[in-house]
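First the structure, in the form of structure tokens, and then the observations on it.
A short reminder: the numbers here are calculations on the coordinates, not readings from a lab. In this text, all values refer to a predicted model and were calculated from it rather than measured experimentally. Cβ atoms come from the backbone with ideal geometry, glycine included; neighbour counts cover every protein chain shown.
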Amino acid sequence: MSLLELNTSRLQSQDRLSAWSAAIDEAFGPFGIARDDPEQFHGRLRVERRQDMRFVELSYAGHGFRRSRSDVARLGESYYSLLRPLSGRLLHIHNGEEHILEPGRFYIVNNGSPYDTMARSPYRTFGLAFPPAALETRASLLKPFYELHAEPNSPRYALLDGFAAHFAAGRSEWSDREFDRLSNQLLDLIVLAVIEPGQGIAANETSARTAHRERALRHIRGRLADRGLTPTSVAEACGVSRAYLHEIFRAGGDAGVEETIVAERLDRARSILTAPGASAMQIAAIAYRVGFSDPAHFSRAFRRRFGCSPREAKWRAGEPSLGQ
């Protein structure tokens, strides 16, 4: 886990602006800084990074930030932020629309687009920053700004608030496997939170299921050689129940988890068999390489899927064309 930290009150007054600008640039990319009250100018920043997730503690006063179009063009790494203001009020302007960020609410902001901020009073917030793809794979047509109120008895707010707080508190203690699972679960909760009431739960459920299915497929494809790859191990790796995993794979008439594992292994085997240089490889070795423990079973499954034996597929791939 990497750490970036700065408190301008510990610096000489003439050094504060340049040091603050450099720290902000390193943490979040290029910004312009506009001081409206040099006497009140102050900034404190702490950013811890683990994998693609950044944990941000930020407070400032006497100035604001501007991300221009040229800043966006020079942004090396775009990101979304989940913000939970702790004190003060912040004016956020995007495409001429003004929003006031204040305690008691969550905000989700696309930091990869132009916007301006100005602290109306000493402002302090906690935030989580993550790549846009983390949300874009879960929900389509995302807006650059979302606001979630702490409405009485709001299950969405309470769930996100509690989960984010516990996730952040243990950020240095989670194992890599735990951290990966919890990160994905948090992102699913964020998608739940930003869905507008008019869209209904069905749209959200579809996006969340799609995200889980894509994550499961990535896990399967990365571990085809593992003979211990099962629906149970996939469910555990993705942080969902086996029943739910079967449900999301069966939705829409798609193949189940076990069938998908076999199909992915057979597709990988065919790719190996038909690749240049495959003629020297033994069929049994290829079967073991893609996770089959019995070459005879592999051959039968291959014929059922592709209408020919592995040996025939290998021969056809190496057969000269008429022009050769």
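Stretching the chain fully between Ser21 and His219 yields a gain of 67.2 nm (0.36 nm per residue, less the alpha carbon separation). Near Gly62: Cβ cut-off under 9 Å, other residues only, Lys/Arg at +1 and Asp/Glu at -1. The net charge is -2. Taken along the Cα-to-beta-carbon direction at a fixed 7 Å, the label points for Glu39 and Ser2 span 3.9 nm. Among 168-180, 118-130, 280-292, the peptide with the highest mean count of other Cβ atoms within 10 Å heads the list, and the full ranking is 118-130, 280-292, 168-180. Relative contact order of the chain, taken over Cα pairs closer than 8 Å and 6 or more residues apart, is 11 percent. Report the calculated FRET efficiency for Asp267 and Leu86 (r = Cβ-Cβ distance, R0 = 45 Å), to the nearest 0.05. Step by step, r from the Cβ atoms, then E = 0.35. Computing FRET efficiency as 1/(1 + (r/R0)^6) for Glu259 and Arg289, where r is the C-beta to C-beta distance and R0 is 22 Å, gives about 0.60. When only C-alpha pairs under 8 Å and at least 6 residues apart count, what is the relative contact order of region 2-150, in percent? Dividing the mean separation by the residue count of region 2-150 yields 23 percent. Neighbours of Pro30 by Cβ distance under 13 Å: Lys/Arg scored +1, Asp/Glu scored -1, total 0. Coupling constants for region 123-132 follow from the phi torsions by the Karplus curve (6.51 cos²θ - 1.76 cosθ + 1.60, θ = phi - 60°), and in residue order they are 10, 9, 8, 10, x, 10, 10, 8, x, x Hz; glycine and proline get x. Distance between the 7 Å Cα→Cβ label points at Ala243 and Glu312: 4.3 nm.
Across region 235-244, rounded Karplus estimates of 3J(HN,Hα) from the backbone phi angles (6.51 cos²θ - 1.76 cosθ + 1.60, θ = phi - 60°) give 4, 4, 5, 8, x, 10, 6, 4, 4, 5 Hz, Gly and Pro being marked x. Across all C-alpha atoms in region 259-321, the radius of gyration and Dmax reach 10.8, 34 Å. Shape analysis of region 2-150 based on the Cα gyration tensor places the equivalent ellipsoid semi-axes at 23, 17, 15 Å, largest first.
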